[in-house]
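The values are calculated or read from the model by the stated rules, or taken from the named source; none is laboratory data. If you're wondering where the values come from, they're calculated on a predicted model, not measured in any experiment. So basically every Cβ, Gly included, is an ideal-geometry build from the backbone, and we count neighbours across all protein chains shown.
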Amino acid sequence: MSAAWLLFLPIALPFAGAVLAFIAGRAGDRRAPQWVNVGTTALMTLVSLLLLSAVWRDGPQAIQMGGWAAPFGITLVADILGAVMVVITALSGLAVAVYAMADIDEGRAKLGWHALYLVLLAGVTGAFLTGDLFNLYVWFEVMLIASFCLLVLGGDKAQLDGGLRYVALNLVATVMFLMAIGLLYGLTGTLNMADLHVTLKTVDAPGLVTTIAVLFLGAFGIKSAVFPLFFWLPASYHVPPVAVSAIFAALLTKVGVYALIRLFTLVFTADVDYTHGILLVIAGATMVTGVLGAAAQNQVRKILSFHIISQIGYMVMGLALYTPLALLGAVFYLVHHIIVKANLFLVGGVAKRITGSFELDRIGGLYKAKPWLAVLFLIPALSLAGIPPLSGFWAKLVLIEASLEVEAWVIAGVALVVGLLTVFSMSKIWLEAFWKPHPDGDAAVGAVALTRGETVALVAPIVLLASITVIIGLAPQPFLDLAARSAQELLAPEAYVRVVLGGLP
Amino acid sequence: MGNGTLETAAPTEARSRNRFRDGGRWMGFASAVPPALVAAWLLSLLPRVSEGRPVLWAVDWAPTLGVSLAFRIDGLALLFGLLVSGIGVVIMLYAGSYLKGHVHLGRFFLYMTAFMFSMLGLVLADDAVALFVFWELTTVTSFLLIGFTHTDPKSRRNALQALLLTGGGGLALLAGLLLMGLESGTLRLSAMDPVLIQGSALLPGIIVLVLLGCFTKSAQFPFHFWLPNAMSAPTPVSAYLHSATMVKAGIYLLARLSPTLGGDPLWVWSLTVAGALTAVIGAAWALRQTDLKQMLAWTTVMALGALTLLLAGSAPISLAAAMTFLVVHALYKATLFMVVGILDHEAGTRERDKLAGLARAMPLTAAAAVLAAFSMGGFPPFLGFIGKELKYEGALALVAAPGVAAFGLVLASAGMVAVAGMIAIDPFFGRQRKSVSARPHDPPKSMLAGPLLLAGLGLAFGLAPGVISGPLVQPAVTSVLGGPATVKLALWHGINLPLVLSIATFTLGVLFYIFRTPVVAGLNAFVGRLPMTGERAYDGWLAGLKALAAWQTRILQGGHLRVYMATTLGAVVALTLFTLFWADALALPAAGSPSLSILGVTVAVTAAAGAAIVVTTRSRLAAIGALGIVGTAVAVLFLMHGAVDVATTQFLVETLVVVLLAAALVRLPRLTQTPRRNRRARLRDGILSVGAGLTVTLVMLAVLAEPFDRRVTDFFEAAAWPEAFGRNIVNVILVDFRALDTFGEIAVVAVAGMGAYALLKGGMAVPKQPIESLILRTATRGLAALLAVFAVFMLLRGHNDPGGGFIAGLIAATGFTLLALAHGVGLARQALGGAPRIVALSGLGIALLSGLAGALAGGAPFEGLWLFLGGDPAAGDKGIPLSTVLVFDIGVFLVVVGSVLAIVFGLEEEA
Amino acid sequence: MDVVLALLAGVLAAASVWLMLDRSLVRFLFGLALLGNAANLVIFASGRLTEGAPALIAKGAAAPEGDVSNALPQALILTAIVISFGLFAFALSLVHRAHKDLGTTDSETLTIAEGSDRT
């Protein structure tokens, strides 16, 4: 397949799938949208893997949309980071799509849930593949509006309330982002990120560039849910159906982190001491406040939501340290986290199905009754906590080593302590939901029986994601290779810039 | 602390649901096979290793990080490996019978086996990271084992405590090991150059971190308290993990790192102080226990303290003492744990004062207990005696405070003598028989074989110390020392200071035993007056953590949207403003680009006034009107500066916004129903608002002061007509140069339509009455038709003149909206000819297809394909263009119409 | 004029922040609408202002004659306006629905998703 197709299909496929799913759903077949969804995400996975292999083999790939050369038209471009993110998006998208077959009720499906879901994925992939800043804004909006809809679709009261908070705070971020783009364009006359990399070297207004960089940092900081901009996340992630929580947890904040990484390696690198210094402070505060937030919760999805925040801190830490090893860690962490976090929400959903609640003091007995679920929970949970030999261990190991290497003692200490606190709050779920007997007695566990089909749909994705976690843990080297190449590209983006700008100087 | 009753209750309760043949006893036998094989294999390596030729095996694991799965079996590793596997065999056999019939027996052996292999990995690993991996695995598996009786809250609590303490220490250890790796340039423990590490400025940090890991794992003061609590695990677990293996991991690592880190005063003093305190505390607390298992746990603490103390030194004799005592301790402690388990099992309790005179009923158990107790008390000719002599000799050879160390050891060992008496004499001897179960008896052979064997070994090795000194202890000491050493173990060393100390120990120990009641009372009184114990510190720490977490979350995530909004905005505004000033980025543009126009200023002031009205008014209608004014004024500003399409769109969108707001707001409560903010909030919000406005204005002015690079627009102006065949540059950008933006944008609109529709249709649909006016209805019908025609006109001309898909779509939507308002949604739906959301999504599909067409034709996606009908090239007339670009714009048109109408219909149909 | 636009953008931004911090979600919506206008002004002025000629190419010409307005920011604003409209319409519907189901548009009285531990 040519580069054009490899880059465009990951965006076009979900859009086509969305249109098809919606029209098929309206045409009457109740199950058609589900299958369109699963089929589309499976195809996306395939194509994105091809894209990744092409990038791995031949270096960054780019196409100019409409055939208009950069920086005039819009470029789609994939370096390792972009391609990896697309793969992981498709993969987690596939897993959650399968899960959704048993999780999304007919009412929501009728209102277009599957179409919205695919649009969300399209927005996310678009964000990962675009080489244009304004286009990035557009994909953010696609993602955002789809997430709005998914969040409130079906509309029970908690969903509406949580949705309001999510919508209000994210809209602010969006406008900030838009203004920042306008200002940067006013300063440089270009929107192409590779071109910005080149152009900013000639702009003689260092202070202003830094100021605008900080504005971007704010906008993406909200998206990434870093301290002190994360409020929208714990206010809303626990309200929608599990499939929605899971895909949000996997992808949304990570798009923000991706954008931070992209801009603060490719575009804003003039005053690293200042900008990345801020990022480092933010990273530490995010880790700590997030994990403390989790420690204060007693509801499975709220605990998991706060953990997202805390883990985002680790990724930002990798970016902030801005060394090859640290960026390697950030990329590795991104990949690991998406898999693990989506999975934890999925497991939480199954646990709720079996025990009847997300509230820890109302549930229990899972360890005795469903040992397989205990195993499936332990894998992502231990991985999240950084216990070896699972994916999260390597992610934390790299970041801690990276911080020790540059003698950033404070952040290294924070990362370690937060690791312990993560163990603490994950063990809370284990102790309460799994070990503790169900307060209503053993009979309350599994009172609502799942059909065979439902069980397969719910458990297969969990097994898939858990296997990936284990594989990354046991054989980390290929993933480290990817992350290392990616870090290399990020720190020396010449190849990226060349492939985007083509023959231009 | 003791909870013997609960632990034994679980298997009994579960027995009825036993799923395994033979109650699962076969599982014990099966599980004993792997450790037996490992032990045999390790024994076969013994000759080679004791000759000083370690066994190496390595494979790359994560070369990027320099991590390999490297194993190296030297004397130290072999000694530990044999303890782990050898005692493993015995324990597995024992456990099969002990837990016979337990419902989770399969899990139990799974965890035990996993633990055993983790432990083996730990002691055999040569790579620091690999070692850490196994270290953590022992933490996790032991967590599962300590909490094995998970229905008991105490078990869960204690499992968590062990997990947090050893896990926390583990993280410190990781940092320490990584630093050692960075300083020495390798992660291979055997290749780390002591000179590099000892010379490092980071040495104190490394030592502290490593010791945190070792001390927590090996239960050194002040982290010792988790170990006795971990006794809530089933007895085989305690016998294995908390005597011979896991708690020794810290000791192992101290020994392993001794060549690299040892000798530094910080290392020496930390080990000496922590070890001595731990030993004394362990012995004293052991005397206080009534539960025999607790008593053993505390003696383990004592032993770990002694081992740590001995490892402080680097004299061969200290190390030899440590290694010998390690073996001694493993043998007697595992035995005694198993004996206590047997008592618990067969006599129904392990409370000291409920057991007596059982020797006749349980002769073999009593024999094992007595044999082990002799070793524990350090009586000749048991190995324990040799161990104790060596301990004293070793302690006296310490660098730091040898006298104090020896004194501490004497005290602690005297305690051991007393404890040995309490465990081996009290339950089994005496005239009166005391037992909870009516007919106490010896357990089955599989439970007895282990204790008897291990206790017997304690005697055998004592009689023939050469069996272990040459092949086992000496190579281990050599490894720890990092150089050759000779170790000779003997029962008789002649009359020397250690012997004197030994005699003192016996005397003191026997006195402790005889006067145990007053001694324990005295100790209890002393403990009662302690201001703080580790246990209480842990509880306090945990409570503090929870309180901090709750407090922080209340402050940060208190549930008030306004606070979230204010914090979010405030943080970004403050940081941006700070940067603006800090980076000295303030600047003013040169005057007059373009120069002020009176009209322009008037319009701008109008817009500002409109905004002021929106801010101040308490009337919904006034607010909506004022919003309209602002929007219109901004549109005029666009128009004044040549932005025709933008102005048109802005007018249309503004109209729609006003219409939607008006339609929705009549159903929303009045603004006056929501309380105004109080004075403090007004001040805060006022500052924030001004700050935000200031940020926007100042950054913008600074940008405007810079020169502008217009090359992208220059290209568009040059290429729009010759290459993209359009005269309206803005439209060409939208549908061609940046078609992907537009595509994403219509996706947003389509989805917004779907979402809004879903929200609005959430309730039951009650069609609203259409407007009752014949004239109006006729007029709107005509107007709607007119608008539809106009829309198509705008759509088609858009590429060359102001217009295009958006504008056309908005106009058409306005037409249908009028229809809906006047004639009801039904008619408007009919006129549309399809459900609005289907129209919208079809439009999205069409736009996508037009984008794909370019790629299918071999170009890039969204590359325009053009077909000109009847052109006259000579006259510069290309003819009537048919293009994918136009198809794209039709897609845009459909999306806009469909989505806007989905919202309008939704609002209109909504109750 | 660019200074005037910068000032106006600032005023609109300030007004919108004030409105968005209100307890009333309706006023939040007003603020949102204003903020969109402010952002559009920022983009518009960032592309620098001209005296008025629209970015059109006359029949027979290959390129616009003389200085015309910068077309790129206009295209961006068009995109942004439409997107903002979509988001605004959604937000409006959400507030509307929330009022119907939750019975309030006062953000301080919304305590279902948060504020209590139960959902």
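Of the residues B:620, B:710, only one is buried (at least 19 other Cβ atoms within 10 Å of the Cβ) and within 9 Å of another protein chain (Cβ to nearest Cβ); which?
Numbers: B:710 fails: buried (at least 19 other Cβ atoms within 10 Å of the Cβ).
Within the list B:620, B:710, the selection yields B:620.
Within segment B:177-223, can you find the residues that are touching a Lys or Arg at 6+ places or on another chain (Cβ under 9 Å) and in a loop (DSSP other than H, G, I, E, B)?
Across segment B:177-223, the qualifying residues are B:218, B:223.
Looking for whichever is within 19 Å of residue B:908 (Cβ to Cβ) and either surrounded by 19 or more Cβ atoms within 10 Å (Cβ to Cβ) or more than 10 Å from chain A (Cβ to nearest Cβ) (or both) here; the options are B:803, B:864, B:833. Which one fits? Talk me through it step by step, then tell me what you get.
Values: B:803 fails: within 19 Å of residue B:908 (Cβ to Cβ); B:864 fails: within 19 Å of residue B:908 (Cβ to Cβ).
Going through B:803, B:864, B:833 in turn, just one is within 19 Å of residue B:908 (Cβ to Cβ) and either surrounded by 19 or more Cβ atoms within 10 Å (Cβ to Cβ) or more than 10 Å from chain A (Cβ to nearest Cβ) (or both): B:833.
In segment A:230-239, is there at least one residue being at negative phi, surrounded by 24 or more Cβ atoms within 10 Å (Cβ to Cβ) and free of Cβ contacts under 8 Å to residues at least 24 places away in the same chain? Walk me through how you get there before you give the answer.
If we filter segment A:230-239 for residues that are at negative phi, which is where we start, we get A:230-239.
When the remaining residues are screened for being surrounded by 24 or more Cβ atoms within 10 Å (Cβ to Cβ), the result is A:230-239.
Keeping just the survivors that are free of Cβ contacts under 8 Å to residues at least 24 places away in the same chain gives none.
Checked segment A:230-239: no residue is at negative phi, surrounded by 24 or more Cβ atoms within 10 Å (Cβ to Cβ) and free of Cβ contacts under 8 Å to residues at least 24 places away in the same chain.
Please enumerate the residues belonging to segment B:285-340 that are assigned to a loop (DSSP other than H, G, I, E, B), out of contact with any Lys or Arg (no Cβ under 7 Å at 6 or more places or on another chain) and surrounded by fewer than 24 Cβ atoms within 10 Å (Cβ to Cβ). So that I can check it myself, show each step before the final result.
Pass one, segment B:285-340, residues assigned to a loop (DSSP other than H, G, I, E, B): B:289-290, B:312-315.
When the remaining residues are screened for being out of contact with any Lys or Arg (no Cβ under 7 Å at 6 or more places or on another chain), the result is B:289, B:312-315.
Selection gives B:289, B:314, B:315.
Conditions tested, residue by residue: (1) under 27 Å from residue B:708 (Cβ atoms); (2) touching a Gly at 6+ places or on another chain (Cβ under 8 Å); (3) of a type outside the set (Phe, Trp, Tyr); (4) touching a residue at least 60 places away in the same chain (Cβ under 8 Å).
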{"site": "B:581", "(1), (2), (3), (4)": "yes, no, no, no"}
{"site": "B:607", "(1), (2), (3), (4)": "yes, no, yes, no"}
{"site": "B:618", "(1), (2), (3), (4)": "no, no, yes, no"}
{"site": "B:625", "(1), (2), (3), (4)": "no, no, yes, no"}
{"site": "B:633", "(1), (2), (3), (4)": "yes, yes, yes, no"}
{"site": "B:637", "(1), (2), (3), (4)": "yes, yes, yes, no"}
{"site": "B:670", "(1), (2), (3), (4)": "no, no, yes, no"}
{"site": "B:675", "(1), (2), (3), (4)": "no, no, yes, no"}
{"site": "B:688", "(1), (2), (3), (4)": "no, yes, yes, yes"}
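Would you check which residues across segment C:1-47 are among the small types (Gly, Ala, Ser) and within 10 Å of chain A (Cβ to nearest Cβ) and list them? Full working, then the answer.
At the first step, the residues of segment C:1-47 found to be among the small types (Gly, Ala, Ser) are C:6, C:9-10, C:13-16, C:24, C:31, C:33, C:36, C:38-39, C:45-47.
Residues satisfying the conditions are C:9, C:13, C:16, C:31, C:36, C:38, C:39, C:45, C:46, C:47.
For segment C:48-74: of the residues being outside any loop (DSSP other than H, G, I, E, B) and within 18 Å of residue A:180 (Cα to Cα), which is farthest from the other protein chains (Cβ to nearest Cβ)? Step through it out loud before you land on a result.
Taking segment C:48-74 and keeping what is outside any loop (DSSP other than H, G, I, E, B), we get C:56, C:71-74.
Add one more test, that the residue is within 18 Å of residue A:180 (Cα to Cα), and what stays is C:72-74.
Working: C:72: 5, C:73: 7, C:74: 5 Å.
Top of the filtered list is C:73.
From the list A:466, A:457, which residue is more than 10 Å from every other protein chain (Cβ to nearest Cβ), buried (at least 16 other Cβ atoms within 10 Å of the Cβ) and at pLDDT 95 or above?
On the way: A:457 fails: at pLDDT 95 or above.
Being more than 10 Å from every other protein chain (Cβ to nearest Cβ), buried (at least 16 other Cβ atoms within 10 Å of the Cβ) and at pLDDT 95 or above holds for just one of A:466, A:457, which is A:466.
Determine which member of the set A:219, A:270 is touching a residue at least 40 places away in the same chain (Cβ under 8 Å), more than 27 Å from residue A:87 (Cβ to Cβ) and either surrounded by fewer than 24 Cβ atoms within 10 Å (Cβ to Cβ) or within 14 Å of chain B (Cβ to nearest Cβ) (or both).
When all the criteria are applied, what remains is A:270.
Out of contact with any strand residue (DSSP E or B) (no Cβ under 6 Å at 6 or more places or on another chain), among the charged types (D, E, K, R) and buried (at least 18 other Cβ atoms within 10 Å of the Cβ): is that true of residue B:562 in this structure? Lay out the reasoning, then the answer.
Details: out of contact with any strand residue (DSSP E or B) (no Cβ under 6 Å at 6 or more places or on another chain): yes; among the charged types (D, E, K, R): yes; buried (at least 18 other Cβ atoms within 10 Å of the Cβ): yes.
Taking the combined requirement at face value, the residue satisfies it.
So which residues in segment B:482-525 are outside any helix (DSSP H, G or I) and among the small types (Gly, Ala, Ser), if there are any at all?
Start the filter on segment B:482-525 by keeping residues that are outside any helix (DSSP H, G or I), which leaves B:482-496, B:515.
Across segment B:482-525, the qualifying residues are B:482, B:483, B:485, B:490, B:494.
Out of A:58, A:79, report the one residue that is surrounded by 20 or more Cβ atoms within 10 Å (Cβ to Cβ), under 30 Å from residue B:711 (Cβ atoms) and of a type in the set (D, E, K, R). Even if it seems obvious, please write down each step before you answer.
Numbers: A:58 fails: surrounded by 20 or more Cβ atoms within 10 Å (Cβ to Cβ).
Within the list A:58, A:79, the selection yields A:79.
Looking at (1) surrounded by fewer than 24 Cβ atoms within 10 Å (Cβ to Cβ); (2) of a type outside the set (Phe, Trp, Tyr); (3) closer than 16 Å to residue B:607 by Cα, which is the one condition that is false for residue C:37?
So residue C:37 meets the others, but not (1).
Yes or no: segment B:813-828 includes at least one residue that is surrounded by fewer than 17 Cβ atoms within 10 Å (Cβ to Cβ), in contact (Cβ under 8 Å) with a residue 24 or more places away in the chain and more than 24 Å from residue B:727 (Cα to Cα).
Just the residues of segment B:813-828 that are surrounded by fewer than 17 Cβ atoms within 10 Å (Cβ to Cβ), to begin with: B:826.
Next, from what is left, pick out any that are in contact (Cβ under 8 Å) with a residue 24 or more places away in the chain: B:826.
Of the ones still in play, those that are also more than 24 Å from residue B:727 (Cα to Cα) are B:826.
The answer is yes, given that some residue of segment B:813-828 is surrounded by fewer than 17 Cβ atoms within 10 Å (Cβ to Cβ), in contact (Cβ under 8 Å) with a residue 24 or more places away in the chain and more than 24 Å from residue B:727 (Cα to Cα).
Kindly establish whether residue B:410 is surrounded by 24 or more Cβ atoms within 10 Å (Cβ to Cβ), in contact with a helix residue (DSSP H, G or I) (Cβ under 8 Å, 6 or more places away or on another chain), assigned by TED's automatic domain parsing to the domain that holds residue B:98 and not acidic (Asp, Glu).
Details: surrounded by 24 or more Cβ atoms within 10 Å (Cβ to Cβ): no; in contact with a helix residue (DSSP H, G or I) (Cβ under 8 Å, 6 or more places away or on another chain): yes; assigned by TED's automatic domain parsing to the domain that holds residue B:98: yes; not acidic (Asp, Glu): yes.
Answer is no for this residue.
Yes or no: segment A:181-198 includes at least one residue that is under 27 Å from residue C:86 (Cβ atoms), in contact with a helix residue (DSSP H, G or I) (Cβ under 7 Å, 6 or more places away or on another chain) and of a type in the set (Asp, Glu).
no
Of all residues in segment B:113-134, how many are within 23 Å of residue B:340 (Cβ to Cβ) and over 24 Å from the mean Cα position of the chain (by Cα)? Talk me through it step by step, then tell me what you get.
Residues of segment B:113-134 that are within 23 Å of residue B:340 (Cβ to Cβ), as a first pass: B:115-116, B:119.
Keeping just the survivors that are over 24 Å from the mean Cα position of the chain (by Cα) gives B:116.
Looking only at that region, the number is 1.
State whether the residues of segment B:331-349 include one that is modelled with pLDDT under 85 and among the basic types (Lys, Arg).
no
Determine whether residue A:410 is more than 10 Å from chain B (Cβ to nearest Cβ), surrounded by fewer than 24 Cβ atoms within 10 Å (Cβ to Cβ) and modelled with pLDDT under 90.
On the way: more than 10 Å from chain B (Cβ to nearest Cβ): yes; surrounded by fewer than 24 Cβ atoms within 10 Å (Cβ to Cβ): yes; modelled with pLDDT under 90: no.
No, not satisfied.
Taking the conditions exactly as written (in contact with a Leu (Cβ under 9 Å, 6 or more places away or on another chain), aromatic (Phe, Trp, Tyr) and part of a helix (DSSP H, G or I)), does residue B:793 satisfy them or not? Spell out the reasoning first.
Working: in contact with a Leu (Cβ under 9 Å, 6 or more places away or on another chain): no; aromatic (Phe, Trp, Tyr): yes; part of a helix (DSSP H, G or I): yes.
Taking the combined requirement at face value, the residue does not satisfy it.
Checking residue B:577 against (1) within 10 Å of another protein chain (Cβ to nearest Cβ); (2) touching a residue at least 60 places away in the same chain (Cβ under 8 Å); (3) under 30 Å from residue A:421 (Cα atoms), only one condition comes out false. Which one?
Going through the list (1) within 10 Å of another protein chain (Cβ to nearest Cβ); (2) touching a residue at least 60 places away in the same chain (Cβ under 8 Å); (3) under 30 Å from residue A:421 (Cα atoms), residue B:577 breaks only (3).
State all residues of segment A:407-447 that are in contact (Cβ under 8 Å) with a residue 12 or more places away in the chain, under 17 Å from residue A:318 (Cβ atoms) and not hydroxyl-bearing (Ser, Thr, Tyr); if no residue qualifies, say none.
Hits for segment A:407-447 are A:408, A:410, A:411, A:412, A:414, A:415, A:416, A:418, A:419.
Out of A:6, A:13, A:20, A:43, report the one residue that is over 23 Å from residue A:131 (Cα atoms), within 13 Å of chain B (Cβ to nearest Cβ), touching a helix residue (DSSP H, G or I) at 6+ places or on another chain (Cβ under 9 Å) and not polar (S, T, N, Q). Even if it seems obvious, please write down each step before you answer.
Values: A:6 fails: over 23 Å from residue A:131 (Cα atoms); A:13 fails: over 23 Å from residue A:131 (Cα atoms); A:43 fails: within 13 Å of chain B (Cβ to nearest Cβ).
Being over 23 Å from residue A:131 (Cα atoms), within 13 Å of chain B (Cβ to nearest Cβ), touching a helix residue (DSSP H, G or I) at 6+ places or on another chain (Cβ under 9 Å) and not polar (S, T, N, Q) holds for just one of A:6, A:13, A:20, A:43, which is A:20.
Have a look at A:398, A:417 and point out the one that is hydrophobic (A, V, I, L, M, F, W, C), surrounded by fewer than 18 Cβ atoms within 10 Å (Cβ to Cβ) and at the interface with chain B (Cβ under 8 Å from one of its Cβ atoms).
Values: A:398 fails: surrounded by fewer than 18 Cβ atoms within 10 Å (Cβ to Cβ).
It is A:417.
Of the conditions (1) assigned to a helix (DSSP H, G or I); (2) over 30 Å from residue A:490 (Cα atoms), residue A:120 satisfies every one except a single condition; which number is it?
Evaluating residue A:120 over (1) assigned to a helix (DSSP H, G or I); (2) over 30 Å from residue A:490 (Cα atoms) leaves (2) as the failure.
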